[in-house]
Amino acid sequence: MLYRNFATQEDLDAQYNLLRLFPDAASLYEAFCARESEGVRQDLDHHLNEPFGPTLAEHVDLYPAGRDAPVLIYVHGGFWALRTSKEFGFVARGPVSRGVATVVTNYALCPAVTIDEIVRQTRAAVAWTYENARSFGGDPERIHVAGHSAGGHLVAMLLATDWEGDYGLPAGIVKGATAVSGLFDLAPFPYTFLQPKVQLTWDQVRRNSPILHVPEQASPLIVAYGENETDEFKRQSEDFLGTWKEKGHSGERLILSGKNHYDIVDGFIDAGSPLLSGILGQMGLE
C-alpha cells in the first residue's frame with residue numbers, strides 16, 4: 001500500500017485530482033471567483049497589495065468595515081500551487097456586510113517555493129495583521145481565520161504556531177478558526193499528481209501535517225466540508241476533528257448539504273448562509 005488502503009497513484013488521484021474528477025464544477029468555480037471578486041472590488045472599499053514581507057508575493061488585500069471591526073483573515077486554496085488573493089476578494093462580501101473587516105492573504109506558490117515557506121508566509125501575514133489592524137480599522141484582539149482546501153491546511157498550521165516564541169506576540173492572537181475542506185495529513189501527496197508541483201520530502205510532510213501538530217492550547221475550531229466531497233476529503237476533515245477533540249479542544253463539525261469542493265465557498269457571499277453563519281457565530285456576531 002502507498003497510503004492507507006491505496007495501492008496505486010491512480011487510486012489516490014481518483015480522490016484528490018479534483019480538476020479531472022469535476023471539470024464542470026472547476027470551470028464554474030473559476031468563473032464565479034473572477035466575476036464575484038471583481039464585483040466586490042467595485043462595491044466595497046478596499047486596499048490591494050499591502051506588503052507584509054520583502055517579496056512581491058507577500059501581500060494582503062484589505063476590505064475594511066469601519067472602526068474597531070473584528071477581523072477575518074482568509075487563506076485561499078489551490079493545492080499550494082495555484083491562484084492568488086485577487087480571485088478571492090468575493091469572500092469579503094458577506095463578512096463586511098456584518099461589519100467584519102476582511103483580509104485576504106497572498107503567498108508564493110509551489111514549486112517556486114516549498115510548503116514550508118508558504119506556511120511561514122501565512123504566519124507572517126497573520127502577525128502583520130495583528131500589528132497593523134488599527135491602520136485599516138480592525139480590532140487586533142478579535143482576529144479569526146478561515147481557509148479553503150490548501151487554505152484549510154494553512155489555517156490548521158496557524159493554530160499550531162508558537163506566536164510568543166517565534167514572533168514575540170501574545171499566544172492567543174487567533175481567537176477562532178474555520179478550516180473548509182482542508183488537508184490535514186500530507187502523507188498521500190508525494191504519491192499523487194501533485195508531487196511534481198509540491199515536491200514534498202518526508203521531512204516536509206511531517207513538519208506540515210497539522211494532524212501531527214495539534215497544540216496543547218487552542219482556540220475554537222470549525223471543520224467544514226461539503227456533502228458531495230470525495231471520501232478522502234471527508235475523512236481528512238473527520239480525522240483531524242477527532243484528533244483535535246481528543247486533545248480536549250473545542251471543535252465543531254459543519255457538513256454543508258449539496259455542496260462540493262468548489263461551490264462550498266459561495267457561502268462567503270451571503271452572511272446568512274450556513275457556512276458564514278457558523279463563522280460569524282464563532283465570532284460572537286450571530
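The values are calculated or read from the model by the stated rules, or taken from the named source; none is laboratory data. Computed from a predicted model, the values in this text were never measured in an experiment. Note that each Cβ is placed from the backbone with ideal geometry, even for glycine, and that neighbours are counted across all protein chains shown.
Can you name every residue in the stretch 82-97 that is within 23 Å of LEU109 (Cα to Cα), in a helix (DSSP H, G or I) and charged (D, E, K, R)?
Taking the stretch 82-97 and keeping what is within 23 Å of LEU109 (Cα to Cα), we get 82-92.
Filter once more, so that each one left must be in a helix (DSSP H, G or I): 85-92.
Those that are within 23 Å of LEU109 (Cα to Cα), in a helix (DSSP H, G or I) and charged (D, E, K, R): LYS86, GLU87.
Just to be sure, is VAL119 outside any helix (DSSP H, G or I) and modelled with pLDDT of 95 or more?
On the way: outside any helix (DSSP H, G or I): no; modelled with pLDDT of 95 or more: yes.
No.
State the number of residues belonging to the stretch 197-217 that are more than 17 Å from the chain's Cα centre (by Cα), under 18 Å from GLY176 (Cα atoms) and surrounded by 16 or more Cβ atoms within 10 Å (Cβ to Cβ).
Qualifying residue count for the region: 0.
Any residue at all in the stretch 98-108 that is without any contact (Cβ under 8 Å) to a residue 12 or more places away in the chain, within 24 Å of VAL205 (Cα to Cα) and not in a helix (DSSP H, G or I)? So that I can check it myself, show each step before the final result.
As a first pass, look at the stretch 98-108 and keep what is without any contact (Cβ under 8 Å) to a residue 12 or more places away in the chain: none.
For the stretch 98-108, residues without any contact (Cβ under 8 Å) to a residue 12 or more places away in the chain, within 24 Å of VAL205 (Cα to Cα) and not in a helix (DSSP H, G or I): absent.
Only one residue in ALA177, ALA171 is within 14 Å of VAL126 (Cβ to Cβ), out of contact with any Gly (no Cβ under 7 Å at 6 or more places or on another chain) and in a loop (DSSP other than H, G, I, E, B), so which one is that? So that I can check it myself, show each step before the final result.
Working: ALA177 fails: in a loop (DSSP other than H, G, I, E, B).
One residue alone meets the criteria, ALA171.
Within the stretch 29-58, can you find the residues that are of a type in the set (Gly, Ala, Ser) and in contact (Cβ under 8 Å) with a residue 60 or more places away in the chain?
Of the residues in the stretch 29-58, the ones of a type in the set (Gly, Ala, Ser) are 31, 34, 37, 39, 53, 57.
GLY53, ALA57 - these are the residues of the stretch 29-58 that are of a type in the set (Gly, Ala, Ser) and in contact (Cβ under 8 Å) with a residue 60 or more places away in the chain.
Looking at the stretch 210-233, which of its residues are closer than 12 Å to PHE184 by Cβ and not hydroxyl-bearing (Ser, Thr, Tyr)? Don't jump to the end; show me each part of the working.
In the first step, residues of the stretch 210-233 are kept if they are closer than 12 Å to PHE184 by Cβ; the result is 210-214, 221, 223, 225, 232-233.
Answer for the stretch 210-233, where residues must be closer than 12 Å to PHE184 by Cβ and not hydroxyl-bearing (Ser, Thr, Tyr): PRO210, ILE211, LEU212, HIS213, VAL214, LEU221, VAL223, GLU232, PHE233.
For the stretch 27-71, give me each residue that is part of a strand (DSSP E or B) and of a type in the set (Gly, Ala, Ser).
ALA69
Are any residues in the stretch 88-114 under 14 Å from the mean Cα position of the chain (by Cα) and either modelled with pLDDT under 95 or farther than 13 Å from PRO64 by Cα (or both), and if so, which ones?
Selection gives PHE88, THR105, ASN106, TYR107.
Can you pull out the residues in the stretch 129-168 that are in a helix (DSSP H, G or I) and within 17 Å of the chain's Cα centre (by Cα)?
Of all residues in the stretch 129-168, those in a helix (DSSP H, G or I) come to 129-136, 150-159, 163-167.
Hits for the stretch 129-168 are THR129, ALA150, GLY151, GLY152, HIS153, LEU154, VAL155, ALA156, MET157, LEU158, LEU159.
Yes/no per residue for (1) surrounded by 20 or more Cβ atoms within 10 Å (Cβ to Cβ); (2) within 30 Å of PRO196 (Cα to Cα); (3) of a type in the set (D, E, K, R):
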{"site": "GLN9", "(1), (2), (3)": "no, yes, no"}
{"site": "ALA14", "(1), (2), (3)": "no, yes, no"}
{"site": "ARG20", "(1), (2), (3)": "no, yes, yes"}
{"site": "PRO54", "(1), (2), (3)": "no, yes, no"}
{"site": "TYR74", "(1), (2), (3)": "yes, yes, no"}
{"site": "GLY77", "(1), (2), (3)": "yes, yes, no"}
{"site": "LYS86", "(1), (2), (3)": "no, yes, yes"}
{"site": "VAL96", "(1), (2), (3)": "yes, no, no"}
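Could you look through the stretch 248-286, keep only residues that are in a loop (DSSP other than H, G, I, E, B), free of Cβ contacts under 8 Å to residues at least 60 places away in the same chain and among the charged types (D, E, K, R), and pick out the one that is surrounded by the fewest Cβ atoms within 10 Å (Cβ to Cβ)?
Residue satisfying both the conditions and the ranking: GLU286.
Filter the stretch 146-191 down to the residues that are surrounded by 24 or more Cβ atoms within 10 Å (Cβ to Cβ) and hydroxyl-bearing (Ser, Thr, Tyr) and list them by number.
Once the filter is applied, which keeps residues that are surrounded by 24 or more Cβ atoms within 10 Å (Cβ to Cβ) and hydroxyl-bearing (Ser, Thr, Tyr), the stretch 146-191 yields SER149, THR178, SER181.
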